[in-house]
Amino acid sequence: MDGGPDGRWIAADESGWDGEALFQPTEPYMTIGSVAIDDGDADTVLALLRRDAGIEQAAELKFGHFARGRNQRRLEVLAGALRPGGMLAGRVRIFMIDKRFFVTAKIIDLLLEEHAHENGVDLHADDQARRYAQKLIEEGPRALGAPMFDEVIRMFVRFAGIRNRGQALVEVAELFQVLDAAERRSHRRAITDILGMLLRCRAQADELQKTMLEPDFLLAMEPLIPTMPAVLNEWSRQVGPASLLMDAHKVLTDDRIDILWKAMTAGHPDFRFLWTGLRPRGLARGDSLNHPSIQLADLVAGAGRAVAHFHEGLTTSTAEVGAALAASVAPLITPHSLIAHDEPIRFSRPKESRGHPPTGS
């Protein structure tokens, strides 16, 4: 790949993916690292990183080479490349996905937003849909108690997730029994009101269950499906129409990429509130061995995930690495990430305790 006629290639890779097995306390975040760079320039940057970090033998440069053993020299080299004035300054972005927030956002989008849209109300016009999702994740555990809140989330993940041999894992009636029980238990007005609105979305749930088996239905609970277009959308705001080169991920099959392309360019309703109005130039898949730009995206995604572990307060070696990278990485997290607040700089420090166990634990 040579960068295309206008040089606007964005390479992207993920870290922390576990498919539709969402809401895991041991892996609560997923990151998409993206770098605005072509393979020629990426190869030069990788050579400099190898030299400065003393990494010569590996066929590919991976984030693990910097994280393994918490080598301070290597971590400083990577942090320096990401800082203002570094080799990758201005070329890097991180799309952070809080999987817990992703699920609450899907509850709003697939049920309540559809109900509102059919009744002539635009929940996205004033960011109301996002605020509902934020309210659910912030106050839901307190309003319902952590076990009941977790049950709502788990039930919806199973309801809207991959089908088991063409059959629904959770019927509409089962989902609404849980929503009804949660609404009756809630002791916070905001959460009671949101659950009450969701209970009026039975028709939307019935329709969702019917359409999920259609061949052009985008996997509802797969984070990579909406976030890859969102990554390209964010870059398009800055550099104009661009092409996205993604790591050859098993979720991003040729058929799904074709569906994504049609969705992004033909106004699929799932993306009606996403796109900037700039037509993307293309979507492509590649492997990191042949595309140095994807190797850089892997480094960025891994750094973002390590910082997320540090922010979450996880007691892992990855979190220890994240502590060393947090000051350089947090400013690279896009404000439009799927996180339950609008301040990515919070990831530069440990998350404040809210006085109750982490959701999902």
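Here, each number is a calculation from the coordinates, and none is a lab measurement. No experiment lies behind these values; they were computed from the predicted model shown. Cβ: placed from backbone, ideal geometry, glycine included. Neighbour counts: every protein chain shown.
Between the residues 227, 63, 40, the greatest Cα displacement towards the positive end of the dipole of the chain, with unit charges on the Cβ of Lys, Arg, Asp and Glu, is found for 63.
Taking a straight Cα-Cα cut-off under 22 Å and skipping sequence neighbours fewer than 8 places away in the same chain, the lysines within cross-link reach of residue 262 are 106, 210, 250. Straight-line cross-link reach from residue 99 at under 18 Å between alpha-carbon atoms covers these lysines, not counting any fewer than eight positions away in the same chain: 135, 351. Working note: 222 nm ellipticity from helices only, DSSP H runs with n ≥ 4, each -39,500 (n - 2.57), summed and divided by the residues of the chain, gives -15000 deg cm²/dmol to the nearest 500. Placing unit charges on the Cβ atoms of the charged side chains and taking the dipole of the chain about its Cα centre, the candidate lying farthest along the positive direction among 9, 29, 283 is 29.
Taking the Cα centre of segment 1-85 as reference, the dipole from Cβ charges on Lys and Arg (+1) and Asp and Glu (-1) amounts to some 600 debye.
Measuring between their Cα centroids, segment 324-338 and segment 100-129 lie 26 Å from each other. Looking only at trypsin sites (Lys or Arg not before Pro) in DSSP loops with at most 13 other Cβ atoms within 10 Å, what is the longest site-free stretch of the chain? Result for the longest clean stretch: 1-162. Taking +1 at the Cβ of each Lys and Arg and -1 at the Cβ of each Asp and Glu, which of 201, 261, 310 sits farthest along the dipole of the chain towards its positive end, judged by Cα position relative to the Cα centre? Comparing the listed Cα positions along the dipole, 310 ranks first. Counted by Cβ distance under 12 Å from residue 232, the other residues give a net charge of +4, where Lys and Arg count +1 and Asp and Glu count -1.
In degrees, nearest 10, range 0 to 90: what is the angle between the Cα axis of helix 292-312 and the longest Cα principal axis of the chain? On a 0 to 90 degree scale, this one is about 50. Compute the long axis of helix 254-266 from its Cα atoms, compare it with the longest principal axis of the Cα atoms of the chain, and write down the angle in degrees, 0 to 90, nearest 10. That helix lies at roughly 80 degrees to the long axis. Could you tell me which label, among (i) 68, 45, 33; (ii) 94, 44, 28; (iii) 61, 46, 39, carries the value of Cα extents along the principal axes in Å calculated for this structure? The value matching this structure is (iii). The charge dipole of segment 55-188, taken about its Cα centre with unit charges on the Cβ of Lys, Arg, Asp and Glu (plus for the first two, minus for the last two), comes to roughly 920 debye.
Each Lys and Arg Cβ is given +1 and each Asp and Glu Cβ -1; about its Cα centre, the chain then shows a dipole of about 900 debye. In a fully extended conformation the segment linking residue 214 and residue 121 would gain 30.8 nm over its present Cα-Cα distance, using 0.36 nm per residue. Figure legend: label point modelled 7 angstrom from the Cα of residue 169 along Cα→Cβ; no residues of segment 91-105 have amide N under 12 Å from it.
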